[in-house]
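The values are calculated or read from the model by the stated rules, or taken from the named source; none is laboratory data. All of these numbers come straight from a predicted model, not from anything done at the bench. Cβ coordinates were reconstructed from backbone atoms using ideal geometry, including for glycine residues, and neighbour counts include every protein chain displayed.
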Amino acid sequence: MPTWFPRFLNPRDAAIAAGIVAPLLLLLYFLKLRRREAAVSSTLLWKKAIQDLQVNAPFQKLRRNLLLLLQMLLLLFLALAFSRPVVNYSPGAGSLTVILIDRSASMSAKDDGVKSRLDVAKAKAKEIVSSMDSNSSAAVVAFDDSAETVQAFTTDGSRLRTQIDSIQPTDRRSRLKLAYQLAEAQSTFNPNQNRAIIRPDVFLFSDGRVLDADDLRINGNVTYVPIGSENTGNIGVVSLSAKRNYEQPTQVQIFARLANFGPKPIDAQVQLSVAAIDPDKPGELNFIAKPGGFATVTLPPARWFDAKWVAEHPKQKDDNYSTRESVEFNIDLTTAAVIKVEQMNKDGDALAADDTAQVVVPPPKQLAVLHVTDGQNPYMDLALSSLNLQNVKKITPEEYAAAVPIDYDVIVFDRYSPKTLPPAGSFVYFGAYPPPDVKLQPIKEDGVVAMTSDVRVVDWKRDHPILRSLSLARVGASEAIRLKPTLDSQVLMDGVNGPLIVLHREGRGTHLVIAFDVLQSNWPLMQSFPVFMHHVIQFMAIGSEMDVRESLAPGSTPRIPRANLQRQGEPPKQLTISGPGNSVKVDIPPTGDFALPALNHVGVYTLSPPVPQFERMAVNLLSDNESNLLPITAPPGNIGQAIVTGQSTSRLELWWWIVACTGIPLLLIEWWVYTRRVHL
Amino acid sequence: MSTTTEKNSLLLDPTFMARLDQLDVISRKLLAGKMKGERRSKRRGQSVEFADYRNYVIGDDLRFIDWNIYARLDRLFLKLFLEEEDLAVYVLVDVSKSCDYGVPNKALYLKKVAAALGYVALVNYNRVNIVAMADGIVAETGPMRGRRNVSRMIDFCAKLEPTGTSLFGTAGKRFALANRQKGVLIVLSDFFDKSGYEHGLRYLAGGKYDLFCVQVLSPQEIEPDLQGDLKLKDMEDDDLAEVSITGPLIKQYKANLNAYCLGLKEYVTRRGGTYLFTSTAVPFDTLVLNYLRERGLLG
């Protein structure tokens with residue numbers, strides 16, 4: 001049936017109403033008519049006229065009763081309006097409908113500067129709800145990188161509209177797979193579903209910027225409603241990193257990369273500002289622009305690098321445009337602080353969530369390294385001294401065993417396997433292994449540590465921060481300890497007869513075990529060895545509380561180790577998380593690690609009471625995909641059909657046309673006939 | 001202004017009465033009156049105008065012997081002369097309930113016309129009797145003569161109230177029995193009598209009276225503005241007629257009305273009377289000053 005042919009949303013009720021009222025109206029006219037009394041001087045001539053005409057025949061009354069005809073017509077047109085005829089320019093709701101609404105970060109963009117894409121999506125979703133038949137049911141699912149059933153299947157249109165309005169935007173990314181799975185699960189277990197399997201009608205309201213478009217499947221009739229304009233401008237910070245130089249801890253290096261997702265190239269100002277953290281006022285952050293904290297970037301539109309777009313829009317790309325997308329700042333920072341990088345071109349920028357990125361920097365701290373050795377390893381001494389560490393202490397194993405030191409960030413055990421360790425810290429073992437209370441242990445044969453003599457490197461993790469950029473193929477040793485990695489262990493380098501470098505985290509300790517004595521290897525003579533040492537110290541320093549806190553993505557649920565909770569004595573029973581716009585109290589379980597609720601919005605979150613390493617957490621969007629506001633016109637994963645954008649209305653309700661163009665005129669004519677005494 | 005004058009001014013205003021002074025009631029027939037008025041009567045009496053001769057009998061007045069005829073014929077003849085008489089004017093006005101209808105109201109209209117005719121007759125020294133009829137003779141002024149009775153006459157007319165049903169036959173018969181003297185008889189009515197107007201007119205159109213029938217209807221009776229489904233109630237006898245007003249019904253009613261009026265006209269004119277139809281929409285002064293003069297009642 002062509003879409004221009006009206007369909008009736010409420011035919012049954014309209015037919016019932018017409019079937020009851022129309023006969024009643026006729027019955028009233030057949031029955032004794034209501035007559036009002038009128039005085040006349042004499043009925044002499046009236047009775048004669050009546051007699052002459054015989055106007056009391058019932059069918060003659062009906063035939064000539066214009067008022068009855070008009071009232072019947074009015075009744076029929078009202079019944080027609082009651083049946084709610086609609087002409088659909090686009091598909092309306094079927095008997096089983098699932099409405100998926102994208103609430104990710106990109107949906108907060110305001111294409112017209114007034115309404116966000118989420119507002120537009122909600123309005124269009126409510127139109128679909130209004131097109132439901134009286135027997136249709138629908139469900140609503142909101143998604144970003146997770147999915148949530150906002151409303152299970154119901155026939156209650158007003159409830160659906162209320163729940164659609166309740167959907168709030170997040171700054172999270174978009175993934176559709178879970179939403180499709182949820183939609184399919186909802187319709188599969190719908191208790192109202194008939195025995196025959198009905199494929200649900202799925203309406204997807206999104207800008208199409210999903211990360212898992214290639215991994216989608218759904219059993220349903222998908223209609224994709226793209227939201228957004230291709231001419232919307234947006235500049236976003238898509239990458240930010242900051243680190244303290246552990247050799248000069250007061251210096252912080254900040255790197256940021258920006259991208260332009262609008263239609264035209266643009267020069268943008270980038271400002272660096274710093275908010276020093278006052279321990280007495282942990283919740284207050286006053287950002288101050290740093291001298292020298294301004295930079296300019298020249299950003300071409302990201303679409304210039306899309307071959308398909310360039311092919312479809314020839315001569316729009318300027319090949320001579322010079323690009324500068326990255327900025328770098330070096331600042332002195334002697335206190336804990338929050339660093340903010342912000343792009344300042346706000347005019348015409350549709351998405352605010354990616355205009356800033358922040359990072360939490362703890363106070364500088366001198367890295368304390370302890371070298372436990374018998375003093376016979378000049379290579380190790382040289383390597384450590386070449387790192388230009390501020391504080392490297394060297395003690396003998398006996399001195400260590402006499403008094404286990406607890407104030408060092410990294411302890412390097414050179415050919416010495418300690419029996420005990422400090423409660424927390426980072427430990428590097430060369431030709432040695434952790435104490436027995438650590439799960440990572442060597443293989444023992446008859447109580448003796450098993451060794452292997454064929455020590456050649458087979459493979460190593462080239463992308464691990466400790467081993468990146470290292471060439472280790474020719475490293476060899478005379479013998480190596482045979483290690484037995486556990487599930488918590490990560491093998492960084494494999495030898496012919498077993499792992500040679502293993503990273504193990506357990507409790508509050510991080511253990512890096514190099515299974516062979518460097519003096520019995522050719523490694524110290526290679527360039528990779530001092531570089532390796534540099535990487536090790538730098539990697540181990542991450543756990544030393546001096547490095548910049550990792551930036552979190554929106555939606556993250558940071559996991560707080562129990563050890564961190566216990567670090568300052570009795571763990572609290574409740575935490576207050578203060579973030580952008582609100583505060584939430586969460587209860588802490590009595591045992592085990594603890595995961596915070598999802599941090600859905602960009603900004604800095606503060607814990608109270610503070611938890612070491614989690615006092616402040618920065619959440620940044622830093623997503624090319626979400627910052628790119630160019631909507632995708634094809635359905636994600638090419639599943640389903642897309643509605644052509646630009647239509648002002650998807651559906652035309654005819655009932656009010658019927659009332660306005662026929663009902664009201666009929667009423668006026670009836671009034672006129674009654675008052676003007678029009679006769680047939 | 002006195003109370004009587006005030007009441008009089010409700011029916012007839014002084015300006016209109018001044019215009020009525022110039023009119024007189026005209027009768028086509030010369031009728032004998034009881035007193036010497038300003039009319040020629042057929043009765044032979046004493047006056048200066050010679051009318052006829054008759055043979056002398058012993059006892060006749062010797063002054064009226066025509067001695068010229070005796071000289072020629074040697075016989076005695078007596079001269080007879082015409083005698084002037086007054087004109088009896090009867091106004092028979094319908095005060096049945098059916099007249100209390102319409103806008104303008106028929107009853108008020110009839111009273112005004114009756115008062116106007118009575119005034120004209122009185123100021124011309126005619127003998128006037130205003131008689132109110134419904135289901136019989138309801139009231140009458142009795143014979144009046146002269147200008148001094150104008151106020152009484154008008155007052156009588158003003159106090160007339162619609163009452164009773166229309167029984168024209170009974171009223172006509174009683175009038176004819178009570179008023180034997182010939183004269184001009186003006187009947188003011190709607191002539192809506194369910195027993196028929198013929199019965200009453202038979203007594204009135206018999207030659208004794210110079211009959212003028214003025215049928216007065218309201219615009220609502222001539223062009224009914226009724227609509228819808230109605231229960232028509234007769235104002236006189238509460239008779240009910242259930243109708244559904246339609247075009248054909250209205251058309252038939254008008255046809256019946258037209259036939260009724262024509263029938264009445266034919267009946268009256270066939271019996272030597274004069275018929276006049278009017279509507280209360282016509283100003284009553286126009287009726288009196290124009291139409292009644294045209295029809296020969298006033299002059």
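Just checking, does the range B:91-104 include any residue being modelled with pLDDT under 90, away from chain A (no Cβ under 14 Å) and not in a loop (DSSP other than H, G, I, E, B)? The answer is no, given that none of the residues of the range B:91-104 is modelled with pLDDT under 90, away from chain A (no Cβ under 14 Å) and not in a loop (DSSP other than H, G, I, E, B). Taken over the range B:129-145, the criterion of being within 22 Å of residue B:194 (Cβ to Cβ) and not acidic (Asp, Glu) is satisfied by B:131, B:132, B:133, B:134, B:136, B:137, B:138. The residues in the range A:464-497 that are assigned to a strand (DSSP E or B), farther than 15 Å from residue A:450 by Cβ and within 42 Å of the chain's Cα centre (by Cα) can be counted, and the count is 6. Scan the range A:12-48 for residues that are more than 59 Å from the chain's Cα centre (by Cα), more than 7 Å from every other protein chain (Cβ to nearest Cβ) and modelled with pLDDT of 75 or more and the total you get is 5. Please verify whether the range A:492-508 includes one or more residues that are polar (S, T, N, Q) and closer than 16 Å to residue A:437 by Cα. No, the conditions are met nowhere in the range A:492-508.
Within the range A:602-645, the set of residues being outside any loop (DSSP other than H, G, I, E, B) and closer than 18 Å to residue A:575 by Cα comprises A:604, A:605, A:606, A:607, A:608, A:616, A:617, A:618. Residue selection: residue A:610 fails the criterion of being modelled with pLDDT of 90 or more, surrounded by fewer than 17 Cβ atoms within 10 Å (Cβ to Cβ) and of a type outside the set (Phe, Trp, Tyr).
Checking the stated criteria, residue B:156 turns out not to satisfy the condition of being within 14 Å of chain A (Cβ to nearest Cβ) and not β-branched (Val, Ile, Thr).
So that you can scan it fast, the table gives a plain yes or no per residue for (1) of a type in the set (Val, Ile, Thr); (2) out of contact with any helix residue (DSSP H, G or I) (no Cβ under 8 Å at 6 or more places or on another chain); (3) buried (at least 16 other Cβ atoms within 10 Å of the Cβ); (4) free of Cβ contacts under 8 Å to residues at least 60 places away in the same chain:
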residue	(1), (2), (3), (4)
A:559	no, yes, no, yes
A:562	no, yes, yes, yes
A:570	no, yes, no, yes
A:576	yes, yes, no, yes
A:591	yes, no, no, yes
A:594	no, no, yes, yes
A:599	no, yes, yes, yes
A:603	no, yes, yes, no
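Taking (1) touching a Phe, Trp or Tyr at 6+ places or on another chain (Cβ under 7 Å); (2) closer than 22 Å to residue A:6 by Cα in turn, residue A:130 satisfies each apart from (1). Looking at the structure I just gave you, is residue B:211 more than 14 Å from chain A (Cβ to nearest Cβ), crowded, with 24+ Cβ neighbours inside 10 Å, modelled with pLDDT of 90 or more and touching a Leu at 6+ places or on another chain (Cβ under 8 Å)? Taking the combined requirement at face value, the residue does not satisfy it. Could you tell me whether any residue of the range A:498-517 is part of a loop (DSSP other than H, G, I, E, B), within 24 Å of residue A:373 (Cα to Cα) and of a type in the set (A, V, I, L, M)? The answer is yes, given that some residue of the range A:498-517 is part of a loop (DSSP other than H, G, I, E, B), within 24 Å of residue A:373 (Cα to Cα) and of a type in the set (A, V, I, L, M). Residues of the range B:217-228 that are surrounded by 15 or more Cβ atoms within 10 Å (Cβ to Cβ) and within 10 Å of chain A (Cβ to nearest Cβ): B:217, B:218, B:220, B:221, B:224, B:226, B:227, B:228.
Just checking, does the range B:136-143 include any residue being surrounded by 17 or more Cβ atoms within 10 Å (Cβ to Cβ) and either touching a residue at least 60 places away in the same chain (Cβ under 8 Å) or within 14 Å of chain A (Cβ to nearest Cβ) (or both)? No, the range B:136-143 contains no residue that is surrounded by 17 or more Cβ atoms within 10 Å (Cβ to Cβ) and either touching a residue at least 60 places away in the same chain (Cβ under 8 Å) or within 14 Å of chain A (Cβ to nearest Cβ) (or both).
Conditions (1) surrounded by fewer than 16 Cβ atoms within 10 Å (Cβ to Cβ); (2) in contact with a strand residue (DSSP E or B) (Cβ under 7 Å, 6 or more places away or on another chain); (3) modelled with pLDDT of 90 or more; (4) not small (Gly, Ala, Ser), marked per residue:
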site: A:116; (1), (2), (3), (4): no, no, yes, no
site: A:120; (1), (2), (3), (4): no, no, yes, yes
site: A:123; (1), (2), (3), (4): yes, no, yes, no
site: A:131; (1), (2), (3), (4): no, yes, no, no
site: A:134; (1), (2), (3), (4): yes, no, no, no
site: A:137; (1), (2), (3), (4): no, yes, no, no
site: A:142; (1), (2), (3), (4): no, yes, yes, no
site: A:151; (1), (2), (3), (4): no, yes, yes, yes
site: A:159; (1), (2), (3), (4): yes, yes, yes, yes
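With the condition kept exactly as written, say whether any residue in the range B:189-202 is in contact (Cβ under 8 Å) with a residue 60 or more places away in the chain, surrounded by fewer than 19 Cβ atoms within 10 Å (Cβ to Cβ) and within 10 Å of chain A (Cβ to nearest Cβ). Scanning the range B:189-202 turns up no residue that is in contact (Cβ under 8 Å) with a residue 60 or more places away in the chain, surrounded by fewer than 19 Cβ atoms within 10 Å (Cβ to Cβ) and within 10 Å of chain A (Cβ to nearest Cβ).
Of all residues assigned to the range A:624-645, none qualifies as being of a type in the set (Asp, Glu), at pLDDT 75 or above and under 30 Å from residue A:83 (Cα atoms).
Residue count for the range B:229-249 under the criterion of being of a type in the set (A, V, I, L, M, F, W, C), free of Cβ contacts under 8 Å to residues at least 40 places away in the same chain and at the interface with chain A (Cβ under 7 Å from one of its Cβ atoms): the result is 5.
Residue B:270 falls short on exactly one of the conditions (1) surrounded by 16 or more Cβ atoms within 10 Å (Cβ to Cβ); (2) at negative phi; (3) more than 9 Å from chain A (Cβ to nearest Cβ), and that condition is (1).
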